[in-house]
Amino acid sequence: MRFRTQLKNTRTFSKLTASLSSLGKVCWMRLEHDVVRFTIIPDQGTQVWAQIPVDTIFDEDSYQIESNSDAINIEINVSVLTRALRSTFGASSSQLRLTKKDKMPLLALTVLTTEWTEGNMALATDGAEPGQGDVTGDRRARERETWITQEIPIKILHESAVEGLHEPHCPDPDVHIILPGLAQLKSISDRFTNLASTDSKNRQPGIMASDGPNASAGAGATALSANTAPKLELSANMHGKLRLVIATDELRIASVWSGLVNPPLDPAHISQEQYSQLPSERMRGVGDDDESGWAKVRIDGKDWSRVLSVGRLSPKVVACFINEMALVLYVYLPGSWNGEESCLTYYINSFTT
Amino acid sequence: MSSLTLSLAPPALVRLHDVLICLSKFSDTVAIEAEHDLLRLSALNSTKTAFASFVCEREPFFEAYSFNVRRDIRSSSSSTAGDRFYCQILLKALLSVFRGRVDRNKDTAVERCDMELHEDPQETECRLTVKMICGLGVIKSYKLTYEPASIQHAVFDRSRATNQWIADPRFLRQIIDHFSLSAEQLDMYSDSGKAVFTSFTTKIMEGKEVLKYPVHTSVAADKRDFEEILIEDNMHIAINLKDFKAVVAHAETANATVTARYTQPCKPLQLAYDFEGVNAEFTIMTRGEVEGETAPASSRVGMPQLSQRQTPAPISVSRINTPRGVTPSTQMPPPPPRSRPIRPLNGSSTQEHLAPTAASDRPSASSVSMDYDSLFVPADDDRQWDEMEEQEEPQDILGWDASGRQVCDSSGSVQRLAADKIQDNSEPTLQEAEPDFPKMADMRRRPPKDEMGVPPTQRMSQVRGLGLFD
């Protein structure tokens, strides 16, 4: 078993691992000849399946992989990997390889930096004795080389251990829509979540009594005991509209985006006849102002916030709504928009009321 | 009765705050020692493996400084010895007084800070008073309680240090930045023009939890990146990364170049720098493998993980009494007679019966691979109990200087336990330097050597205690 490669786009790699690590620490990394797959299946919450072409993060010419099964399966702490990748910023070369030390498998990251970031010129300016002046000058003129080695412990997974792992199967989506900018979506979602959680924390009996018309006080109490985190309602229709709602006993706030794109599905994959049978086409037929044309999911605000941390990669995101059941996000990294190339797929379950 | 009054200008106030923050990374309390022309702030960590000391000189650090001692007939104050005063204060309390006091462009920004302390046995309430003189005539006063303390200093003999490097703290921070946040130890060595810093964690892991194994990070920097570096090749020396980070962080705020001095593993290392009338010294115990026949240095080359092996998992307190026979060195000479607690200074355990340690009986210290436990009492040497030879100080004394003086003088108040001694076989005279007890008369509870024929067994804490309740 062999794996060795030079890294490229380490910023992208690092942002990718950082986004993944917000969902879970343990990551299944599968190295194949053409693609690298990252999968995180946490005990609770959203799971993510990522498929990255080798040349997105690795230098294809130096990419070497040897394995009996044509793939190497690794279990790695992805936040540790993220931290280690920080050493590669500004480096002149970075290499990742599979190695072993004391029978323990490791992913070794070797980085060569030929200069430090700013501040290096100030080295030795203070405290240097007059006699060392020449040395100081020499030091400045020189290119400084520093080798950094990060040895990340990993677990090698046998092919049989990962055979049973499959992406979830989902029904065809009712609505598919391109999400607005994730930065905006995240800040609004986070604000909603915070509002709702402070609201439920500060709630006092006296205030409860005053919200007469709202009869859902009892329902709110049970929701609190079951799962204290407030749920965001996210819904969309096939007419380019997305709606984000938070509702508690005291407040109900909604943001609506309009003019978004409902992307066409790839006609190569389905026939015209099938196409018209799709639930999303049915939904398209429903009028813009008809509530039945909306597909809705209820999601955990904190979990959603973690999912949206993928926004740091500034991707395009297609959200597929399966009404009252699940939300599937297809996250395409920039530069790979027109293929199934770099794609992260998030599977988010909808909570029931 | 002693009194201390001092004034600080705003810049010094900021410096003092920085110093207190740095000290708080070592201990919960700061020991304050006032002398005629200096104020020393120090902290010793709980495991006694790191000692941080800041000496603030009267000039130019303070705007005004005055310290007076009037000795009573009845020297009731245990914390006044000679012409000095010492006490300790909770750092949390002190930090809250100084937090965020300066650099506010407000009318009521601090213009001067006055501190005052009068200790008088006649008084029922003795407090440290801190007054912040602010703009618009605002004066904020704080009264802090303090407690008497037995001040302990780690002793480090710079003249004996054989390895030394000087580096810019920003350069050191750039190295630290690569380390994982959870890393605990830092191993340093040099190899053909490179200085290699490796962070690691000594942790016994369950076989299953491979992913929780600590990351090893090593950074190999060109020696020319140091202002000066003169260290033995391939000698691994390891210290607590947390201590190192604390020092570098503070040196960076003080903009002072750090000098490291050390001799060999399991001997103390000192990091030092000066800034604006403050002299900072950090004495840190090191771990590693003492060079010797068991592990030739050359075998280490290219084995970055070695540091993990050569430093067995941290010995927990409960394991401390393990006899030396279980230490990992396979070729270790017979253990010295009797087991003994490695942390005798803390303790409540019984007196030890140490057999006389004639030079011929001694295990060759150079062949011993040991973990350390305490800065003051390295685990590898029974000779730590010997009284220090005054004239001929052996290399690298690691011991008590309860008086607060760096030099052991003839004053009766000076008591010193030689915690560590001769390791250097190249100095034959050191081996012959049998322990002597010149000041035995002063150590009241210690039986004279002739009577017992054993080295001192009295714990330092108990000796201090005597003074306290006299």
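The values are calculated or read from the model by the stated rules, or taken from the named source; none is laboratory data. Because the structure is predicted, anything quoted here is derived from the model rather than measured. Cβ coordinates were reconstructed from backbone atoms using ideal geometry, including for glycine residues, and neighbour counts include every protein chain displayed.
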Review point. In this structure, does B:Phe156 turn out to be over 30 Å from B:Asp114 (Cβ atoms) and within 10 Å of chain A (Cβ to nearest Cβ)?
Key: no
Check your understanding: Which condition does B:Phe26 not pass, out of (1) modelled with pLDDT under 90; (2) surrounded by 16 or more Cβ atoms within 10 Å (Cβ to Cβ); (3) of a type outside the set (D, E, K, R), if it passes all the others?
Key -> (1)
Review point. Which residues, counting only those in region A:35-62, are at pLDDT 90 or above, among the charged types (D, E, K, R), more than 16 Å from the chain's Cα centre (by Cα) and not in a loop (DSSP other than H, G, I, E, B)?
Key: A:Asp61
Point to revise | Count of region B:216-230 residues which are assigned to a strand (DSSP E or B), more than 7 Å from chain A (Cβ to nearest Cβ) and hydrophobic (A, V, I, L, M, F, W, C) | key: 2
Review point. Quick check: is even one residue across region B:120-142 aromatic (Phe, Trp, Tyr), touching a helix residue (DSSP H, G or I) at 6+ places or on another chain (Cβ under 7 Å) and within 11 Å of chain A (Cβ to nearest Cβ)?
Key: no
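Examine region A:157-173 for a residue that is touching an Asp or Glu at 6+ places or on another chain (Cβ under 8 Å), modelled with pLDDT of 65 or more and either surrounded by fewer than 14 Cβ atoms within 10 Å (Cβ to Cβ) or outside the structural domain of A:Ile299 (by TED's automatic domain parsing) (or both), and state whether such a residue exists.
Let us first name the residues in region A:157-173 that are touching an Asp or Glu at 6+ places or on another chain (Cβ under 8 Å), namely A:157.
Filter once more, so that each one left must be modelled with pLDDT of 65 or more: A:157.
The next check asks that each one be either surrounded by fewer than 14 Cβ atoms within 10 Å (Cβ to Cβ) or outside the structural domain of A:Ile299 (by TED's automatic domain parsing) (or both); those that pass are A:157.
Looking through region A:157-173, at least one residue is touching an Asp or Glu at 6+ places or on another chain (Cβ under 8 Å), modelled with pLDDT of 65 or more and either surrounded by fewer than 14 Cβ atoms within 10 Å (Cβ to Cβ) or outside the structural domain of A:Ile299 (by TED's automatic domain parsing) (or both).
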Point to revise | Within region B:256-278, considering residues that are within 14 Å of another protein chain (Cβ to nearest Cβ), of a type outside the set (S, T, N, Q) and assigned to a loop (DSSP other than H, G, I, E, B), the one surrounded by the most Cβ atoms within 10 Å (Cβ to Cβ) | key: B:Ala256
Point to revise | Odd one out for B:Lys203, checked against (1) away from chain A (no Cβ under 14 Å); (2) under 22 Å from B:Asn45 (Cα atoms); (3) at pLDDT below 95; (4) not in a strand (DSSP E or B) | key: (1)
Check your understanding: When you look at A:Ala84, is it within 14 Å of chain B (Cβ to nearest Cβ) and assigned to a loop (DSSP other than H, G, I, E, B), yes or no?
Key -> no
Practice item. State whether the residues of region A:33-56 include one that is crowded, with 19+ Cβ neighbours inside 10 Å and within 14 Å of another protein chain (Cβ to nearest Cβ). Key: yes
Study note, to complete from the structure: Within region A:280-315, residues being in a strand (DSSP E or B) and either of a type in the set (Asp, Glu) or surrounded by fewer than 17 Cβ atoms within 10 Å (Cβ to Cβ) (or both) number 1
